[in-house]
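Comments concern the structure below.
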Amino acid sequence: MASTYLTRTNGSAVTAERRTFTISFWLKRSAVGTEHALCSAGNGGGSEEFAIRIRNDDTIEVWHYDGSSFVGRKRTNRVLRDTNAWYHIFCQYDTTESTADDRIKFYINGVRETSFADSVNPTLNDNTSWNVDERHQIGSNSWGNSGNGSSPLDGYMSHFYNVAGSIIDINQFGSTDSTTGEWKINTNPTIASYGTAGFLVLKDGNTATDQSPNSNNFTVGGTLTKTEDCPSNVFATFNPLFLSLPTGGLSNGNTTATTAGADSTWRSAFGNLGATSGKYYMEVKWVSGSHFVSGFASQRTLSTHNFKDLTDVYSGGQYFGIYGTQLYTNGSASGSYTTQASGNIIQLALDMDNKKIYQGINGTWNVGGNPSSGNGISISGDTDEFWTFGISTYSNSGTGEYHANFGNGYFATTAVSSAGTNASGNGIFEYDCPNGYTALSTKGLNL
């Protein structure tokens, strides 16, 4: 998350490892248009540094800066703006290469980048500041004298490999899926030696402990949170590109929505994954704030440029919102149900096989009955559209906070207190996931 980073200071440097190394990691951004330092090394104060970072124009670059100029640099023309995707970032850095243009090889999702906005080839046998006896950081930059740097990553990282002194083939770390054509992760590459300064962190859990044989462990700055969201299973989050987001914005990997205090304008947040078939479940914790709606909407609804509120009347699309004791269908109120209140965990179930919706509160099903019984509230329009979960909020008496659990097992950075059952094995929730339902994720969409 945006306030978390890993840091360690290497021991004595090995010259060969400063000149030749392989870096591989997976990245999922939660925000665009802002600088994200992904990894860096140096002694701070603007002197010699090495870094891989995303700039505020969303291009990505790798560079070695000697204190006065870039002695090696590749900055892409390509931009990384998909906040729902995991990117594989891969760099082979070898200044012993006789061919100057092969001294920095930079790949994204298995494809070597060849179109650069800036390109500086290192001189032969240039010694970088990576794998030296200086501060190394993951998730923030090393050139801030405070130790934690700046430009923190707002997003997720996984499977960070640093192989010092060796160039490893990219096909050890990933492969192209023969069916989808997508680049997919190889979680167990064959690496003969990590070198002296090499390491492997952020694999199989929220660990800063080196999982290579080297014990080059990192220290955590902030709170490192494990997530079910990973390169092989992408979970839904709130969509940061929705035009009418709550005024306080999104945080915690786009799973927390915040409404600024004393703001009486309705705003909404919706999932960035949708479905036309299957059965899906999620939870959202209403932490604070005065007005809250939970519900569902079709993609056609969300594409309406002025859509802001699940209880208001709009033309085009179908949507449902539970507000107070009533269910709003396309802005029309009906029924009398238990009122959701601040402090509640709201349960939402979406059955796209039978076109039904359900809502529950703190483990008791409320609107539509129990999803396992098949009663539900019928979806009568946009039945061939993608549907997703959403909330609408405003708070005219203090800040409002709303923490979504799409299956990651956390409300913000707090783990669920006692995980319920989930027969699908996909996602971790506070309450029992209804039989036949699963988390809204890429794995869930293909069950």
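Accessible surface for region 1-115, divided over its residues, is 33 Å² per residue with a 1.4 Å probe. Taken over the chain, the percentage of Cα pairs per 10 Å bin, counting from 0 up to the bin with the maximum distance, is 4, 21, 28, 21, 15, 9, 2, 0. The alpha carbons of region 316-371 stretch over 33, 24, 16 Å along the principal axes, in descending order.
Full extension from Ser290 to Arg81: what is 0.36 nm times the residue separation minus their Cα-Cα distance, to one decimal in nm?
Numbers: separation 209, 0.36 × 209 = 75.24 nm, distance 3.34 nm.
So the chain would gain 71.9 nm between Ser290 and Arg81.
Would you compute the Debye intensity of region 62-164 from its alpha-carbon atoms alone, equal scatterers and no solvent, and pass along log10 I(q)/I(0) at q = 0.23 Å⁻¹ to two decimals? One equal scatterer on each Cα of region 62-164 leads to -1.57.
Available extension along the chain between Ala419 and Asp66 is 122.0 nm, counting 0.36 nm per residue and deducting the alpha carbon span. Here the label points at Ser47 and Val313, each 7 Å from Cα along the C-beta direction, are separated by 7.0 nm in the simple model.
On the beta carbon distance between Lys226 and Thr325, with R0 = 30 Å, the FRET formula returns roughly 0.20. Here the spin labels are modelled as points 7 Å beyond Cα on the Cα-Cβ line, and at Arg112 and Thr179 they lie 3.1 nm apart. How many angstrom separate the Cα center of region 79-139 from the Cα center of region 276-293? So the separation of the two Cα centres works out to 41 Å. Across region 150-222, Cα-Cα distances exceeding 21 Å account for 36% of all pairs.
Rg over Rh of region 84-131, using C-alpha atoms and the Kirkwood radius, what does it come to? Display every interim value, and only then the final one.
Values: Rg = 12.2 Å, Rh = 12.0 Å.
Value, to two decimals: 1.02.
Extension gain, Leu241 to Lys203, is 10.8 nm, computed as 0.36 nm per intervening residue step minus the present C-alpha separation. How much FRET efficiency would the formula 1/(1 + (r/R0)^6) give for Ala192 and Thr15, where r is the Cβ-Cβ distance and R0 is 25 Å, rounded to 0.05? With a Förster radius of 25 Å, E is 0.80.
The values are calculated or read from the model by the stated rules, or taken from the named source; none is laboratory data. Only a predicted model underlies this, so the values are computations on that prediction, with no experimental measurement involved. Note: ideal-geometry Cβ built from the backbone for every residue, glycine included; neighbour counts use all protein chains shown. Ligands, DNA and RNA are stripped out before the accessible areas are found, and what is left, the full protein with its side chains, is counted by its heavy atoms. Shrake-Rupley method; radii C 1.70, N 1.55, O 1.52, S 1.80 Å.
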